[in-house]
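Colleague: To start, I am sharing the structure in question, which I have written as structure tokens.
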Amino acid sequence: MLYPNIRKQDPEIAGHLDQELKRQRDGLVMIPSENFASPSVLEAAGTVLTNKYAEGYPEKRYYTGNEFIDKIEQLAIDRAKKLFSAEHANVQPHSGSGANMECYAAVLKPGDTILGMDLAHGGHLTHGHPVNFSGQTYKFINYGVQKETERIDMDQVREIALKEKPKVLLSGATAYPRIIDFDAFASIAKEIGAYAMADISHIVGLCLSGDHPNPVPSHDIVMTTTTKTLRGPRSAIILSKIEDRINPDDKKNLAKKIDSQVFPGMQGGPLEHIIAAKAVAFEEALKPEFKEYQNQIARNAKQLAETLSENGLRLVSGGTDNHLILIDLTETGIGGKDGANALEESGIYTNFNMIPFDTRKPFNPSGIRLGTPALTSRRMKEKEMKTIGNWIATVLKDINNEELKAKTKQEVLDLTHSFPLYEEL
Ligand code: DSN
């Protein structure tokens, strides 16, 4: 029986947990930043390690009793370094936003200039949006995509970089369906004497499998969440070079600067149960099956994009090179929120999203963002993507048709029964 103790002590929470598991099992999770962590990752996250304070780093703690905690955190570090062929790994960041804050603080002072991708064109809140700490602390300059191609133009990035001379050149996105030219970013950073930093939270798995270029060899700092294509717990890590290429004479090297911004700069006690879950996820990602899984994510996204296009839906940039797709609903006359809600009523989970040069507001923008990592974890392949793409297009063209949504929901349910989720729970 699942959660026997919670069930006895707190039936209200147990009931909600049961319903959430059923929701995940019975629907199609297509939010591209969501995935299903393995049962082993879930187990590690629910261990007695949650009880332990371990401020500091392995062998350099401010508390006693860290004999086993140190072994676990060191394993997480070693596995992360091996997985990414990274010189240095900090596995303590609690989240992606916090990790970005820690990276910036390691190499910038408040008011310093940083060049990153505009959220409205697919970037992230922590890449300089004015309502976020990033935009309020640093002088962010943005690049975006070209109107014609809806792709990043590296000549334009270089032009802005040469003019603004940022101290950090930041790449990475949350709603960009195309390849990011990390080598070009690294070479521009070199040219202007800036740190090259990449946020690969979305595409991390694809970078590991070779489905997307990997910035680790060419960049000073690479951060990633561990949740998304990596299929680990809700958390993040920072990978970096050891030497500080830009300020080689500083007392602290780059690795030390990052470590001291994570702790004691921004965080106190690390979440060692989550660090154990990250270690388990890294070990899973080191297996050959992980590469095949990522290859299938990319193949599934291509097939899904093709099916949506064949059904007359316009995709931002015309398709995808990675795990996600951005549908532009402008021609259908509905908003992204209206579309995403109709899909939810049909058992299909996506999120509404701004598209580049959007004329609508963020709360009901023109786009729907969807992707294939979670469905691929359920072992769905191109055949299922065709079926699902047809369902999505049909619902989006007739969002008020209650009968259609109910019928689709039943079809979704039937399909999910052939791809069981968490049978072992
Ligand atoms: N919220 C995440 C996403 O959905 O892309 C990024 O932080």
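The values are calculated or read from the model by the stated rules, or taken from the named source; none is laboratory data. As the structure is a prediction and not an experimental result, all values here were calculated from the model. Every residue, glycine among them, receives a Cβ derived from its backbone with ideal geometry; neighbour counts consider all protein chains shown. Each accessible area value is taken on the protein alone, full model and side chains, heavy atoms only, with ligands, DNA and RNA left out. Shrake-Rupley method; radii C 1.70, N 1.55, O 1.52, S 1.80 Å.
Colleague: Kindly indicate which of Lys405, Lys397, Lys386 is under 28 Å from the mean Cα position of the chain (by Cα), in contact (Cβ under 8 Å) with a residue 40 or more places away in the chain and closer than 24 Å to Leu329 by Cβ.
Modeller: Lys386
Colleague: In segment 223-243, which residue that is more than 16 Å from the ligand (Cβ to nearest atom) and in contact (Cβ under 8 Å) with a residue 40 or more places away in the chain is farthest from Asp321 (Cα to Cα)?
Modeller: Ile242
Colleague: Something else about it: Please go through segment 395-411 and give me each residue that is part of a helix (DSSP H, G or I) and either within 18 Å of Asn35 (Cα to Cα) or not hydrophobic (A, V, I, L, M, F, W, C) (or both), ordered by number.
Modeller: Scanning segment 395-411 gives Glu402, Glu403, Lys405, Lys407, Thr408, Lys409, Gln410, Glu411.
Colleague: So, in segment 280-314, of the ones that are open to solvent by less than 50 Å² (accessible area, probe 1.4 Å) and not in a helix (DSSP H, G or I), which residue ends up farthest from His212 (Cα to Cα)?
Modeller: Step by step, filter segment 280-314, then rank; the result is Asn311.
Colleague: Now, a different point. Scan segment 14-42 and report the pairs whose first residue is under 12 Å from Gly347 (Cα atoms) and among the polar types (S, T, N, Q) and whose second residue is open to solvent by less than 10 Å² (accessible area, probe 1.4 Å) and not in a loop (DSSP other than H, G, I, E, B), with Cβ atoms within less than 9 Å and a gap of 6+ or a chain change.
Modeller: Cβ pairs passing all conditions: Gln24/Ala374.
Colleague: Have a look at Gly123, Gly116, Gly98 and point out the one that is within 16 Å of the ligand (Cβ to nearest atom), within 28 Å of Ser209 (Cα to Cα) and in a strand (DSSP E or B).
Modeller: Exactly one residue qualifies, and that residue is Gly116.
Colleague: Would you point out which residue out of Asn364, Asn400 is modelled with pLDDT under 95 and either open to solvent by less than 50 Å² (accessible area, probe 1.4 Å) or more than 30 Å from Gly144 (Cα to Cα) (or both)?
Modeller: Among Asn364, Asn400, only Asn364 is modelled with pLDDT under 95 and either open to solvent by less than 50 Å² (accessible area, probe 1.4 Å) or more than 30 Å from Gly144 (Cα to Cα) (or both).
Colleague: Then there is this: Taking Lys71 as the residue in question, decide whether it is in a helix (DSSP H, G or I), at pLDDT 95 or above, surrounded by fewer than 14 Cβ atoms within 10 Å (Cβ to Cβ) and not polar (S, T, N, Q).
Modeller: yes
Colleague: Consider Ala76 against the criteria (1) modelled with pLDDT under 95; (2) touching a helix residue (DSSP H, G or I) at 6+ places or on another chain (Cβ under 6 Å): it satisfies all of them except one. Which criterion is unmet?
Modeller: Answer for Ala76: the failing condition is (1).
Colleague: Condition first: within 16 Å of the ligand (Cβ to nearest atom), on the phi > 0 side of the Ramachandran plot and touching a helix residue (DSSP H, G or I) at 6+ places or on another chain (Cβ under 7 Å). Can you find one or more residues in segment 133-156 that meet it?
Modeller: no
Colleague: Return the residues of segment 342-367 that are outside any loop (DSSP other than H, G, I, E, B) and within 18 Å of Gly123 (Cβ to Cβ); say none if nothing qualifies.
Modeller: Of everything in segment 342-367, those that are outside any loop (DSSP other than H, G, I, E, B) and within 18 Å of Gly123 (Cβ to Cβ) turn out to be Asn351, Phe352, Asn353, Gly367.
Colleague: Would you mind stating whether Leu125 is closer than 20 Å to Gln267 by Cβ and open to solvent by 50 Å² or more (accessible area, probe 1.4 Å)? If you could, list the steps in order and put the result at the bottom.
Modeller: Details: closer than 20 Å to Gln267 by Cβ: yes; open to solvent by 50 Å² or more (accessible area, probe 1.4 Å): yes.
Criteria met by Leu125.
Colleague: So which of Met223, Met266 is open to solvent by less than 10 Å² (accessible area, probe 1.4 Å), aliphatic (A, V, I, L, M) and at negative phi?
Modeller: Only one candidate passes the filter, namely Met223.
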